[in-house]
1. Which count do you get for residues in segment 360-389 that are within 16 Å of Met47 (Cβ to Cβ) and in a strand (DSSP E or B)?
2. Would you confirm whether or not segment 201-222 contains a residue that is free of Cβ contacts under 8 Å to residues at least 40 places away in the same chain and not in a helix (DSSP H, G or I)?
3. Given the conditions (1) modelled with pLDDT of 75 or more; (2) open to solvent by 100 Å² or more (accessible area, probe 1.4 Å); (3) not acidic (Asp, Glu), report the number of the one that Thr24 does not fulfil.
4. Can you work out which of the residues in segment 391-422 that are among the charged types (D, E, K, R) and open to solvent by 20 Å² or more (accessible area, probe 1.4 Å) is nearest to Asn326 (Cα to Cα)?
5. Contact list please: Cβ distance under 7 Å, first residue in segment 166-181 and of a type in the set (Gly, Ala, Ser), second residue open to solvent by less than 90 Å² (accessible area, probe 1.4 Å), pairs at least six apart or on different chains.
6. Identify, please: which residue in segment 194-210 is open to solvent by less than 60 Å² (accessible area, probe 1.4 Å) and within 19 Å of Asn239 (Cβ to Cβ) and is, among those, nearest to the chain's Cα centre (by Cα)?
7. What's the number of the only condition in (1) among the hydrophobic types (A, V, I, L, M, F, W, C); (2) open to solvent by 10 Å² or more (accessible area, probe 1.4 Å); (3) within 17 Å of the chain's Cα centre (by Cα); (4) over 30 Å from Glu306 (Cα atoms) that Ala379 fails to meet?
8. Would you say Val28 is over 30 Å from Ile186 (Cα atoms), without any contact (Cβ under 8 Å) to a residue 40 or more places away in the chain and β-branched (Val, Ile, Thr)?
Amino acid sequence: MFLLLPFDSLVVNLLGISITVLFTLLLVFIIVPAIFGVSFGIRKVYMKTLLKIFQWATLRIERGAKEKNHPLYKPYVNGIIAKEPTSLEEEIKEMRRSGSSKALDTPEFELSDIFYFCRKGIETIMDDEVTKRFSAEELESWNLLSRTNYNFQYISLRLTVLWGLGVLIRYCFLLPLRIALAFTGISLLVTGTTVVGYLPNGRCKDFLSKHVHLMCYRICVRALTAIITYHDRENRPRNGGICVANHTSPIDVIILASDGYYAMVGQIHGGLMGVIQRAMVKACPHVWFERSEVKDRHLVARRLTEHVQDKSKLPILIFPEGTCINNTSVMMFKKGSFEIGATVYPVAIKYDPQFGDAFWNSSKYGMVTYLLRMMTSWAIVCSVWYLPPMTRQPEEDAVQFANRVKSAIARQGGLVDLLWDGGLKREKVKDAFKEEQQKLYSKMIVGSHEDRSRS
């Protein structure tokens with residue numbers, strides 16, 4: 001027993017030295033640079049190395065699949081049916097032109113018109129442009145994650161060894177490192193904002209609050225090995241405005257907040273999230289709502305209006321879609337944040353799924369599972385574009401203004417601009433959408449009120 005004591009002491013000393021060295025490296029190369037917003041370029045070298053490995057792995061797996069005649073990828077396309085942007089009236093007239101001898105402008109019902117609606121219904125079932133926005137896309141090239149290639153089969157020993165090595169690196173090295181960084185960032189956020197919250201209101205408190213938030217968000221970004229490219233930073237949101245962005249993931253918040261100062265808007269939660277929210281609001285006037293208040297649109301609008309009218313307060317960060325979309329499109333913006341008359345600062349966020357899929361499919365994965373998937377990905381790579389500020393025109397209503405902002409974000413981010421409500425993720429189609437199609441057809445057959453008056 002006594003002979004083992006020196007050995008035990010040696011093991012303990014080596015373990016202590018290893019932890020000290022690891023923490024020192026963590027502090028010098030990650031935490032301190034994150035605090036001051038500088039980078040040594042390690043992540044970019046890491047990204048370029050991954051790209052070369054992915055290219056080799058993709059070529060090898062494609063060659064092996066071709067030799068064995070195996071399907072390589074589960075196909076994913078934005079549309080399996082060719083569609084052209086034509087109106088209901090134009091399509092029905094075209095159908096009548098090819099199959100009827102009646103005058104095309106005759107406002108009469110034809111039995112053949114029902115085939116148009118039958119065809120549209122079948123097309124929608126076969127190629128639903130809404131539901132597929134809530135599932136992760138299949139990559140065109142493999143990134144050595146089994147979750148992105150469901151048809152993965154044994155190709156070669158070298159490729160299998162490379163995949164296994166990747167699993168060890170992601171789960172045995174990157175995951176513990178990222179958990180340590182996330183714990184550090186969250187702990188500093190709670191501690192720092194709580195301490196700052198006890199200071200008297202003034203410039204000193206505002207300065208410290210902004211920089212504590214910024215420092216902690218930057219550490220959390222490092223916890224995801226996030227590589228972010230910001231464009232047109234001169235258009236970053238200013239006090240008294242509203243920042244609106246497309247929504248792919250809960251980490252959209254820290255992606256934006258690691259490059260600017262924002263007041264958050266959201267519902268008050270319990271547990272760890274509630275602790276973080278209570279600490280944050282002590283240092284900065286974030287806008288939190290009780291569960292019973294969220295559905296009161298007038299109360300929400302009044303609180304937001306009061307916030308933006310105070311030009312000393314930080315810009316509000318809002319995601320008007322209300323749910324996460326899979327980084328291929330932008331869906332309908334809720335009009336609430338566009339009714340209060342503030343300057344809107346649009347922001348487009350586009351993730352590169354080649355290194356890790358940031359989309360949160362909340363109907364399939366819980367928050368813990370999602371964060372585990374994020375922290376075991378290779379990296380999170382994205383681009384952020386700050387668009388010029390926009391204001392509501394005199395002739396515009398809130399819905400038109402929201403659609404104009406949404407279109408600008410979709411164009412800049414290379415996303416599909418959809419009119420559908422993201423709430424369809426969990427709800428049925430509203431009767432208003434059905435009635436709109438019925439009104440269009442009725443107008444075509446019966447004519448408008450002015451047409452009937454002239455006749």
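1. 4
2. Checking segment 201-222: at least one residue is free of Cβ contacts under 8 Å to residues at least 40 places away in the same chain and not in a helix (DSSP H, G or I).
3. (2)
4. Looking only at segment 391-422, we keep the residues that are among the charged types (D, E, K, R), and these are 392, 395-397, 404, 406, 411, 417, 421.
When the remaining residues are screened for being open to solvent by 20 Å² or more (accessible area, probe 1.4 Å), the result is 392, 395-397, 404, 411, 417.
Working: Arg392: 28, Glu395: 33, Glu396: 30, Asp397: 28, Arg404: 21, Arg411: 16, Asp417: 13 Å.
This residue is Asp417.
5. Correct list of pairs: Gly166/Leu144; Ala180/Leu26.
6. Of the residues in segment 194-210, the ones open to solvent by less than 60 Å² (accessible area, probe 1.4 Å) are 194, 196-197, 202, 205, 209.
From what is left, the residues that are within 19 Å of Asn239 (Cβ to Cβ) are 196, 202, 205, 209.
Values: Val196: 30, Gly202: 35, Lys205: 31, Ser209: 26 Å.
By that ranking, first place goes to Ser209.
7. (2)
8. Details: over 30 Å from Ile186 (Cα atoms): no; without any contact (Cβ under 8 Å) to a residue 40 or more places away in the chain: yes; β-branched (Val, Ile, Thr): yes.
Judged against the criteria, Val28 is not a match.
The values are calculated or read from the model by the stated rules, or taken from the named source; none is laboratory data. Just so you know, these numbers come straight off a predicted model, no measurement behind them. Every residue, glycine among them, receives a Cβ derived from its backbone with ideal geometry; neighbour counts consider all protein chains shown. With ligands, DNA and RNA removed, areas are computed over all heavy atoms of the protein, side chains included. Shrake-Rupley method; radii C 1.70, N 1.55, O 1.52, S 1.80 Å.
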